[in-house]
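Below is one structure, written out as C-alpha cells, with a few remarks after it.
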Amino acid sequence: MAVKKPNSPATKDRSGAKPAGRRAAAPNTSPSKPAAKRRTKSGKSARVPSKAQETAARKAVIATALQMSRTGLSPGRSGNVSCRWREGMLITPTGIAYEELQPSDIAYVFGNGTYVPEGRKPSSEWRFHLSAYHTRPEIGAVVHTHSMHATVLACAHRPIPAFHYMIAVAGGTDIPLIAYAPFGTQELAQLVRVGLADRNALLMANHGQIAVGKDLAAALELAREVEVLAEQYYKVLTLGKPKLLGAKAMTDVLERFKGYGQNAQSRSQTSK
Ligand SMILES: [Zn+2]
C-alpha cells in the first residue's frame, strides 16, 4: 500500500528502556503537505492527515495524559494514553514524565505492531492498546490507569456488579475483570481483546483498569467514571453485602443509555 508512514523524531531516548517490540526497518517521513490524498486498498481515495493535524493529535494525547495525572487517576508514573492514528496509533512513550512530554515524544506504532527505531519507544503496554483498536474499529482512544480503587478491586479479583445503575457506562451489566497476565505481553493483549468485545471498560487482575471511547475525552471520562464506581463499590462492601440491581432494571438502564450514545456518559447527563 503506497501510504507514507508518520514521522519519527530523531531525538535521543531518555528512558534507556529496552525495546518493547518489533521495530520497523526504516523510518519514513510524515506527510508535510496538508490534505494530501492517497489510494486505499479498496481503490477509494482517502485524506492523509496533515502534519499540523498530526501535531494536534500528539498534543491531545499529552493533554489527556496530563489530565489523567493531575486528577489523581494515575498514581506515580502509572497509566498510558493512546489515540488511533492512520493505520496505527499514537501513544505515550515509556520512561518520560508526562510534564516533560513534547509532541515529538509521542510514539507512533503501526497497525502491525512495529515502530520506527529513531523515535521514542512506546509505552511497554502498547500491545493491549493496539489490540483494542483491532477489536473495536469504531473506537478512537484508549486510557489505561492504575487508579486507586479500580486497582484495589482488581487486586482482590472483584469485578464490579450492578450495584449502581451507572455501571451501564461500561456498556453492560457489570465492569468485568480480566485474568492476570504480565504487563506488556501478547497474552495480556489477547485478554483485553476478548474483554473489550462487549464492554468499554475492564478491570485487569492485579493491575488496573482500561477504558476506551470514541475520542480521548470520552475514554478519559469513562476511566474517571470507572474509578468513581470502584470507590463507591469498595465503600458499599465495607457496609456488607450490596443490594444489586436485577437484570430487568439493568436492561431498562442500558436501553436508556443508548439514547445518550455508546461511549462514556457524564453523571450530569445521565443522573436524571
Ligand atoms: Zn499498567
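Every number in this text was worked out from the coordinates using simple rules, so none of it is lab data. Every value quoted in this text rests on a predicted model; they were computed, and no experiment measured them. Positions of Cβ are generated from backbone atoms using ideal geometry, with glycine treated the same way; all protein chains shown enter the neighbour counts.
Here are the numbers for this structure:
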{"item": "Ranked by how many other beta carbons lie within 10 Å on average, peptides 181-187, 145-151 from highest", "result": "145-151, 181-187"}
{"item": "P(r) of the range 68-159 over all Cα-Cα pairs, binned every 10 Å from zero, in whole percent", "result": "16, 45, 32, 7, 0"}
{"item": "Nitroxide proxy distance, nm - points 7 Å out along Cα→Cβ at T185 and E118", "result": "3.6"}
{"item": "Relative contact order of the range 45-270, pairs being alpha-carbon contacts under 8 Å that are 6 or more residues apart, as %", "result": "20"}
{"item": "Least to most buried among D105, D215 (fewest other Cβ within 10 Å first)", "result": "D215, D105"}
{"item": "Candidate aspartates and glutamates - alpha carbon under 17 Å from K243, same-chain residues fewer than 8 apart omitted", "result": "D174, E231"}
{"item": "Coordinate range along principal axes, alpha carbons of the range 152-206, Å, largest first", "result": "34, 23, 10"}
{"item": "Mean shadow area of the range 45-270 over all directions, Cα convex hull, nm²", "result": "12.9"}
{"item": "By average C-beta atoms within 10 angstrom, highest first, the peptides 52-58, 251-257", "result": "52-58, 251-257"}
{"item": "Residues of type aspartates and glutamates that K235 reaches as a straight line, Cα spacing below 13 Å, ignoring anything fewer than 8 places off in the same chain", "result": "E227"}
{"item": "Where labels lie 7 Å past Cα in the beta-carbon direction, separation of T238 and H157 in nm", "result": "2.5"}
{"item": "Cα shape, the range 106-153, gyration tensor, a/c 1.5 rule", "result": "oblate"}
